[in-house]
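The values are calculated or read from the model by the stated rules, or taken from the named source; none is laboratory data. No experiment lies behind these values; they were computed from the predicted model shown. When we count neighbours, we look across all protein chains shown, and the Cβ atoms used for this are built from the backbone with ideal geometry, even at glycine.
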Amino acid sequence: MLCAWGFERVGVVASDLYFVDPNPGPGEGGAEHGVRLEVRLLERPPRTGSVYAAQPIVIDRPVWRADLLETVEGPPGSGDRHHHHPVFRGWEPGRRDYDEAIRSNPVSWLEKQLTDLPSLLAGTDVPADAIGPDDAAQLAAAAPQIATTVAGLLAQVRAGELGRAPSGGSDAGGGAGVRASWL
């Protein structure tokens, strides 16, 4: 499932995720699932056609990511793989940051992060003029709604309704890895 919120030039997207990393780090082997949320830049290409024509929308490059993941084999709610990526290099995430607050209360932690867009963007390569003048305030105002939606997605993952292995796929990933998600 993909959920999206768009503001002036910044957007937030969230999706359930099932993931098997073919080259896991220490203590990271095995399938994981949960919710991935990204803050992304938005673009509005020129509308073509009549005044009634649909507006093209581009959900462009990510600038920050939170992965609220846990091992599939572990107890639901363990939060054993929760982390965030404070920096992206193009489309590739930078280092993982494991903050104990993410694991203890991921939804509250996420809501708090989304209320401070300038802090989220500190240290990124996003130029100041890439952000609309009202993006920070609009994102902060929407943070409770986004957090509630993410909590609902997490509940569906933990209930086995979302964040599942792809049909016909193997949990092992066959050495190539598996990622079933919009993000």
Pairs where the first residue, in the range 121-135, is surrounded by 16 or more Cβ atoms within 10 Å (Cβ to Cβ) and the second is acidic (Asp, Glu), C-beta under 6 Å, 6+ apart:
Asp135/Glu8
Filter result for Gly173 (more than 16 Å from Val35 (Cα to Cα), at pLDDT below 95, surrounded by 15 or more Cβ atoms within 10 Å (Cβ to Cβ) and of a type outside the set (Lys, Arg))
yes
